[in-house]
Every structure is written in structure tokens, then in C-alpha cells.
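Here the structure comes first, spelled out in C-alpha cells, and everything after it is commentary.
Read-outs: derived from the displayed coordinates by stated rules, not from any lab. Computed from a prediction, not measured in an experiment: that's the story for all the values here. Using ideal geometry, Cβ is built from the backbone for each residue, glycine included, and neighbour counts are taken over all protein chains shown.
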Amino acid sequence: MTKNIIIAPVGDNMNALFIGIKEFPTEKIYLLSPTDYMKAADKAAKDLDRFGIPSKIIEIKGEIWEDMFQKIGEIIKLEAGKNVIINTATGDRMTTCAATSAAFVNGIKAFSVEKGMAMLLPVLKFSYYRLLTDKKMMILKILSRPDCCLSLEELSRKAKMSLPLISYHINGNLKSEGLKEMGLVDTEVKRGRIEIKLNTLGRMLIKGYVS
């Protein structure tokens, strides 16, 4: 019987951790715990030890979404070749959302728990890196610099692309999604100019936390 590597955010519903174990034979559990939930993580680790299931507590510090994506990405690489599943039901509202999103964008299995039963969530098997052209990736890397970009015009100069071409890569058209529609950048009109910035998902993709 194939056993699973379970990733579980620590939060308000740790009973769901043990419901998941009943449904999915478990080799090891990674407990991703915000600082405020470290006592709950310690208790869960001790309870798991009584069941003979090894666990590792990883503290989530700073910005929840970015750190959650980073830690999940690192676990996926560490456990390459094994069956990794995320239990999204154990966390609080923020960590549950972050863990679910991390599962979707990385194309790995995830499940929730409702009425005492585990339910697999749909897996979105795609890779942002396959969707991004070289020019789009270059634009993202330029936007990741701390001094960029107060306007599309500034981005156009730094990327050495025409303004219409920059606008196309940002906004897309009927045949091709732009970076904005892909959910990697945000735009805002300030003083008559369009300011463009990487959002959280865009930053995580550049750092390699999203596959």
C-alpha cells in the first residue's frame, strides 16, 4: 500500500488531521504552523507520535501566503517522487486559503474535510513556466527589481520594448492572456499613469516557489 506525505497547516481544526490519516495511509506529516499556533503544533506532533506517525513542525513566519508557498515548494522538492497531499482543512481561514492555492498552482493533490469525511479537491495540472514566454518572464524579472516600475513607459524603457508591445504582454488580447489576467501583476492608475507591480503570486513565481 502506497503511503502519503501529508502537508497540513496548523490552525483551528486539528481534528481534521486525524480524519485525513484514516482516509490516506500516511508515511509522514509536515505541520506548517504560524507562530501563534506553535503550541497546537507541538500537541499534534505528540498525538501523532502515539500513532507511530513521524512529523516535522515548520514555523511559518512573516507574510503568511509567501512563506506558506515557499515551505510547500521546498517540501515538494524534498519529497520528489513521493505522493504528496495537502490537508487544507486543519488551518485557520488564512492558512487554509494559502495551502489550497499552493496545491492548485503546483498541481498537487489536496483534500478538505466536511462532516467527518475527507474529500479530494480538483487538481489543476498546469505550469506557469509553460505558459510564460521568454519576454513575459523577462518583464517579470524586471518588475522584481526594487526600483521598478512607476509607469508602463518606464517598464518599456527598461525592457527595451515598444509601449504597445509592453501593453500586450501585460494586458493580453483575445488570443493570449497577459500577465495581469494570469494573476501575476497588478496595475493601478496614479497621476494619469499606469503603475504596474508584481503581486504576491508573481513574486513567488520569480523566487521559484511556484512550479
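Remarks
- By the Cβ distance rule (another cysteine Cβ under 4.7 Å), the unpaired cysteines of the chain are Cys97.
- Theoretical gain in end-to-end length, Asn171 to Asp47 [0.36 nm per residue, Cα-Cα removed]: 39.6 nm
- Of Lys82/Lys136; Lys109/Lys180; Lys71/Lys180; Lys109/Lys190; Lys39/Lys180; Lys3/Lys39, those spanning more than 29 Å from alpha-carbon to alpha-carbon: Lys82/Lys136; Lys109/Lys190; Lys39/Lys180
- Spin-label model distance (nm) - Lys207 vs Asp186, 7 Å beyond Cα toward Cβ: 1.6
- Put in line by how crowded their Cβ is, counting other Cβ atoms within 10 Å and starting with the fewest, Tyr129, Tyr30 read Tyr129, Tyr30.
- Cross-link partners of Lys197 among aspartates and glutamates (Cα-Cα below 18 Å; sequence separation of 8 or more within a chain): Glu63, Glu66, Asp147, Glu153, Glu154, Glu177, Glu181, Asp186, Glu188
- Whole-number percent relative contact order across the chain, with pairs defined as alpha carbons under 8 Å at least 6 apart: 18
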